[in-house]
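As structure tokens, the structure follows; a few thoughts come after it.
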Amino acid sequence: MSVDAQTVEKLAELARIAISEETVEEVSSRLGDVLQLVDKLQAVHTEGVAPMAHPLDAVQVLRADEVTEPNRREEFLALAPQSEQGLYLVPKVID
Amino acid sequence: MEWEIVIGLEVHVQLSTQSKLFSGASTRFGAEPNTQACAVDLAMPGTLPVPNEAAFRYATLFGLAMNAGIGRRSVFERKNYFYPDLPKGYQTTQLAKPIVGAGEVEIHLEDGSSKKVRLHHAHLEEDAGKSLHEDFHGMSGIDLNRAGTPLIEIVSEPDMRSAAEAVAYLKKIHSIVTYLGISDGDMSQGSLRCDANVSVRLKGEEKLGTRTELKNINSFRFVEKAIKVEAERQIDILEDGGSILQETRLYDSDKNETRSMRSKEVANDYRYFPCPDLLPVELSEDYIDRLRGEMPELPDAKAARFREQYQLSAYDADQLTQERATADYFETLAEQCGEPKLAANWMTGELAALLNRQELTIGQSPVSAEHLAGLIARIKDGTISSKIAKQVFEAIASGEGDADTVIDKRGLKQVSDTGAIEKMVDEVIANSARQVENYRNADEDKRPKMMGYFVGQIMKASKGQANPQVINKILREKLDALL
């Protein structure tokens, strides 16, 4: 299966990755290679095999419902490019 | 043309766990921004989620209450999208293997009828943070305290056929989650949120019409209004020969209209895949059985018991069991006063009106069950009439003390003393020559009705305190003696 330029652009948009026009062709061919591998996997006969949720054959351990995390707001806010009144500031987003 | 409205609801319920779904940060509402957002909630590199047992327990209890299958093995998946209130770039949720499978629930409508609504499934997922769009120099402020709070998303089948049915369903979900104690169900704080899928079709048509998804409907009243106004919009378009666009619409309660959220130009493509950070969660048969044994009495069972044990009407039993706190109040009251029917009448009448007027919940009621029981006891033993009782009720509500204190202080004790009442009856008869004449000339079967005038006059003379039974008896004797 090949990946056309339009699909590459759509995937880039969904993943918020900037792909310049010059590299679209290269990305498209590399993604195509990956999908060829997927095609090979698709050919494997899997009828009656349950889909695998995780490669480890183990079960999730749950934790007790307790508050264990202290407030470390100032440390975390200091890592952000901009903050104000205890809030992280980001470019305006309104639907 | 007769149209039929088809509605399915997606209800998000915040679970009242102490800590978050995947971290040990607090979920307390109303804290200072970002003081309850830890490294896991912020998606700091190197952090890993560890699921909260209580979230699974609560979701399981909900599933059992909905007669639904419980997923012995549930799997978390990543729903990928970008928004600043979602630091990881994906929401951890469930898709193919949710914790709660198909089920059904009975809803009760105001006309007394019932119907079953099917549950498609319910899944566990994490809530997002909050974006504040007030002016921060043209930027948005992000508070991540809510990020990671556990939610169950409850997805119904499109089984509802009117806005009233949708409200009844939502009330039922509210009632179940609050009975179970798995959520505070407070819509004003966003603990319970509702999206509605609405479409219309000609009556008798099998095929579903194109639906729109309504967002932002955050009270029972708005659910009803939003669905009505959206259905009208769709019908108008179809009757004019147009077609409905499948889209997400926002309900504006100020203008009572829905409008398109046009921003999503690229169709949503969430690229779900199983979360590699989390293993499948398995719940044992023992675990589920133990929870089944811990289930509290649910609203329908309680209503049935109230009808049986207290001889209440179906309507009263439903009204009194919608909220657990109301049901508890009723049981205390009924036991203390020994008059379940009177108790139900007072609760659905005066008390409901008072709480409504003052916008209080039953838990905040200024008249306690003990106070109301005291008042009903005084009606029962004839100390006061039902009419005076309303006055006493208002006085208790405004903090004047219990029934006996109010009756004493205001001198409201009912007059049953025959001598005093006889005197009042004589006076009224003496001053009502014309009415007495009419009474004498009237047909025998008309007379009882004509007594009303005299009773009214006597009640007025006694300031409402004369015992009506005693008045009736004496009046009858005196009038008949004049015949």
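The conditions are (1) in a helix (DSSP H, G or I); (2) closer than 18 Å to B:ALA168 by Cα, and B:ILE237 fails exactly one of them. Which is it?
So B:ILE237 meets the others, but not (2).
Only one of these is at pLDDT 95 or above and outside the structural domain of B:ASP318 (by TED's automatic domain parsing): B:GLU134, B:GLU110, B:GLU126. Name it.
Just one listed residue meets the conditions, B:GLU126.
Please list, ordered by first then second residue, the pairs with beta carbon atoms under 7 Å, 6 or more apart or interchain, first in region B:324-336 and farther than 15 Å from B:LEU180 by Cβ, second surrounded by fewer than 21 Cβ atoms within 10 Å (Cβ to Cβ).
The qualifying pairs are B:THR326/B:ILE362; B:TYR329/B:ILE362; B:ALA334/B:TYR310; B:ALA334/B:PRO340; B:GLN336/B:GLU370.
Here is a yes/no grid of residues against (1) surrounded by 15 or more Cβ atoms within 10 Å (Cβ to Cβ); (2) within 14 Å of chain A (Cβ to nearest Cβ):
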site: B:GLU224; (1), (2): yes, no
site: B:LEU238; (1), (2): yes, no
site: B:GLY241; (1), (2): no, no
site: B:MET261; (1), (2): no, yes
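Answer with yes or no whether B:ALA55 is within 19 Å of B:ALA128 (Cβ to Cβ) and either without any contact (Cβ under 8 Å) to a residue 12 or more places away in the chain or outside any helix (DSSP H, G or I) (or both).
It is false that B:ALA55 is within 19 Å of B:ALA128 (Cβ to Cβ) and either without any contact (Cβ under 8 Å) to a residue 12 or more places away in the chain or outside any helix (DSSP H, G or I) (or both).
If you go through region B:104-124 one residue at a time, do you hit one that is touching a Phe, Trp or Tyr at 6+ places or on another chain (Cβ under 6 Å) and surrounded by fewer than 19 Cβ atoms within 10 Å (Cβ to Cβ)?
No, every residue in region B:104-124 fails to be touching a Phe, Trp or Tyr at 6+ places or on another chain (Cβ under 6 Å) and surrounded by fewer than 19 Cβ atoms within 10 Å (Cβ to Cβ).
Collect the residues in region A:1-39 that are without any contact (Cβ under 8 Å) to a residue 24 or more places away in the chain and of a type in the set (D, E, K, R), keeping them in residue-number order.
A:GLU9, A:LYS10, A:GLU13, A:ARG16, A:GLU21, A:GLU22, A:GLU25, A:GLU26, A:ARG30, A:ASP33
Test each condition in (1) touching a Cys at 6+ places or on another chain (Cβ under 9 Å); (2) buried (at least 17 other Cβ atoms within 10 Å of the Cβ) for B:ILE396 and report the one that comes out false.
Result: B:ILE396 fails condition (1) only.
Criterion first (loosely packed, with under 13 Cβ neighbours inside 10 Å and more than 9 Å from every other protein chain (Cβ to nearest Cβ)) does A:VAL38 satisfy it?
Considered against the rule, which asks whether it is loosely packed, with under 13 Cβ neighbours inside 10 Å and more than 9 Å from every other protein chain (Cβ to nearest Cβ), A:VAL38 comes out as yes.
Suppose we keep only residues that are facing chain B (nearest Cβ under 7 Å) and of a type in the set (D, E, K, R) within region A:73-95. Which one would you say is farthest from B:ILE142 (Cα to Cα)?
For region A:73-95, the residue satisfying everything is A:ASP95.
Each row is one residue, and each column tells you yes or no for (1) within 8 Å of chain B (Cβ to nearest Cβ); (2) part of a loop (DSSP other than H, G, I, E, B).
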residue: A:THR23; (1), (2): no, no
residue: A:ARG30; (1), (2): no, no
residue: A:HIS45; (1), (2): no, yes
residue: A:ALA50; (1), (2): no, yes
residue: A:ASP65; (1), (2): yes, yes
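The values are calculated or read from the model by the stated rules, or taken from the named source; none is laboratory data. Being a predicted model, the structure only gives us computed values, none of them experimental. A quick note on method: Cβ atoms are made from the backbone with ideal geometry, for glycine too, and the neighbour counts reach across all protein chains shown.
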